[in-house]
1. Figure the gain on full extension for residue 162 and residue 136 (residue separation times 0.36 nm, minus the Cα-Cα span) and round it to one decimal in nm.
2. Given the stretch 27-185, what percent of its DSSP beta bridges are antiparallel, to the nearest 5?
3. Need one word for the stretch 27-185: rounded, prolate or oblate. Basis is the Cα gyration tensor (sqrt eigenvalues a ≥ b ≥ c); a/c below 1.5 gives rounded, then a/b vs b/c decides.
4. Testing the spin-label approximation: label points 7 Å from Cα along Cα→Cβ at residue 169 and residue 47. State their distance in nm.
5. If I build a Gaussian network model for the chain, linking alpha-carbon pairs within less than 10 angstrom, which residue out of 132, 158, 44 has the largest mean-square fluctuation?
6. Using only helices, what value at 222 nm comes out for the chain when you add -39,500 (n - 2.57) per DSSP H run of length 4 or more and divide by the total residues, to the nearest 500 deg cm²/dmol?
7. Taking θ as phi - 60°, what are the ³J(HN,Hα) couplings along the stretch 163-174 by the Karplus curve (6.51, -1.76, 1.60), each to the nearest whole Hz, with x for Gly and Pro?
8. With springs only between Cα atoms under 10 Å apart, run a GNM on the chain and tell me which of 58, 37, 78 wobbles the most.
Amino acid sequence: MRIIGGQFRGLHLAPVGEGDAKAHLRPTSDRVREAIFNLLINGGYGDPITGARVLDLFAGTGALGLEAISRGAARAAFVDDGAAARALLRRNIELTRTMGVTDVWRRDATRMGPNRGPGYGLVFLDPPYGKGLGEKALASCVEGGWIAPEAMILWEEGMAPVIPQGFERLDQRAYGDTVVTILRAGA
């Protein structure tokens, strides 16, 4: 697993190894991550990455948020409640030397609570597949004020998710057993 583009291009991230079944670590493959960023950059949505505040929910290794920072995002907040995931995430933040522009929060992404700062303009949502956690996390983020008006949400799931009210589906593509859906939040 490596960073695909930007200033950290080619940097290998900490190996997941055998993973932790209880932690549901299932890092986005390099191929799918490259496709995701190509969709964001070349999809006709302007530039949703440069200068963005990124919220990476069910962050795991942090590869999506760190890829965004590598490509010009201003800051990334990583949310994961798994100890194994947070250990890998912290190691990857050290490898990329992004301690000053990252936050790591031990939190259940389905119960975010109130946001005390500005909303996030780019949100990565990569929950364990088939458990309905993406819908719950998105609802929690809306309720807590985590999502900025017109934010882009990139949602990875094992099947096409039900799009919640207040969001517009911009694109949806399947890559093997992963369905990537791009949403835009309402104004």
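1. Taking 0.36 nm per residue and subtracting the Cα distance, the gain is 8.2 nm.
2. Here the antiparallel bridges make up roughly 45 percent for the stretch 27-185.
3. Rounded is the answer for the stretch 27-185, as its axis ratio a/c remains below 1.5.
4. Result for the modelled spin labels: 3.0 nm.
5. 44
6. Mean residue ellipticity, 222 nm, calculated: -8000 deg cm²/dmol.
7. Whole-Hz 3J(HN,Hα) from phi for the stretch 163-174: 7, x, 4, x, 10, 10, 7, 9, 7, 7, 9, 9.
8. Checking each option, the largest mean-square fluctuation is seen for 37.
Taken together, the values in this text are just the output of simple stated rules run on the coordinates, not laboratory data. Nothing here was measured: the structure is a model prediction, and the numbers come from that model. For neighbour counting, all protein chains shown are included, and Cβ atoms are generated from backbone atoms with ideal geometry for every residue, glycine included.
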